[in-house]
Amino acid sequence: MPILKSIANVLTIFRLVIGFIIASIGNIQKKLGLKNAILWLILAWITDVLDGYLARTSKMPEDFIGKHDIYADMTVSAGVLYFLTVSNFIPWKFTIVFVITAIFLIWYFKEKAVADGIQAVPYALMIYTSFKYEPTYGYLIIAYLLFLILITWPRFPKEKVPEFINGIKNILKK
């Protein structure tokens, strides 16, 4: 069904835009924008789940946007890292070292598992920051993540976990 694939692509592109929105919140609102950044992050995660589901349901072959979905994910992660940095939740020195290291690791290993692991760092920092400054929103993030695992449970342990483990095995072979 082409319409489902088109909706999936729109959601992927929207997620890319959300990364820039989160970064902009840091520029404009600084620390006061934490709640907004968290809500946008959760929305980005929702679009990630929906676009994958719709793309698989459409039974259409993977297209350019689907093949490059990881760039939308990385943009959100980078937006979160930028937000946390310009809002002075984390130091610039950490961010610079992290970004240089991330670029090197992605270039050297060329594995999706590396990109997945790199994305996890800003998200973990956002969760930590949420609990420290806005605990209710920290619990909201955790509730969403638990809900996500629950609704994707049959697929999560059968596909996602082995995919990540195989990616790590490929890295260790190098």
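Laboratory data are not the source of any read-out in this text; all were calculated from the coordinates shown. These figures come from a predicted structure and were not determined experimentally. Neighbour counts are summed over all protein chains in view; Cβ atoms, including those assigned to glycine, are modelled from backbone coordinates with ideal geometry.
Taking a sphere under 13 Å around the Cβ of Ala8 and counting the other residues whose Cβ falls inside, with K and R at +1 and D and E at -1, yields a net charge of 0.
With the highest mean first, a sort of the peptides 12-20, 72-80, 160-168 on other beta-carbon atoms found within 10 angstrom per residue produces 72-80, 12-20, 160-168. Helix 2-29 axis versus longest C-alpha principal axis of the chain: approximately 10°, rounded to the nearest ten.
Residues Thr47, Thr136 in ascending order of nearby Cβ atoms (within 10 Å, fewest first): Thr136, Thr47. Put simply, the convex hull of the Cα atoms in the chain casts, on average, a shadow of 10.3 nm². The modelled label-to-label distance between Lys112 and Phe14, using points 7 Å beyond Cα along the C-beta direction, is 2.3 nm.
Measure nothing but the geometry: give the 0 to 90° angle between the long axis through the Cα atoms of 135-151 and the longest principal axis through the Cα atoms of the chain, rounded to 10°. Orientation of helix 135-151: about 10 degrees from the principal axis.
When only alpha carbons are used to place a centre, the stretch 31-62 and the stretch 102-174 end up 14 Å from one another. Note on Ala124 and Lys160: their simple-model spin labels are 1.7 nm apart, each label 7 Å out from Cα toward Cβ. Here is how the number arises for the chain: DSSP H runs of 4 or more residues each give -39500 (n - 2.57), the sum is divided by the residue count, and the result at 222 nm is -28000 deg cm²/dmol. Label-to-label distance for Gln29 and Tyr144 is 1.3 nm, based on points extended 7 Å past Cα in the beta-carbon direction. Helix 69-86 axis versus longest C-alpha principal axis of the chain: approximately 10°, rounded to the nearest ten.
Pairs exceeding a 19 Å alpha-carbon distance, out of Lys5/Lys59; Lys67/Lys169; Lys112/Lys160; Lys112/Lys158: Lys67/Lys169. Seen from Val76, the other residues with C-beta closer than 12 Å to its C-beta sum to a net charge of -2, counting Lys and Arg as +1 and Asp and Glu as -1. Near Pro162: Cβ cut-off under 12 Å, other residues only, Lys/Arg at +1 and Asp/Glu at -1. The net charge is +2. Here's the list of lysines a cross-link from Lys30 could span, going by alpha-carbon distance under 19 Å and ignoring same-chain residues fewer than 8 apart: Lys93, Lys132.
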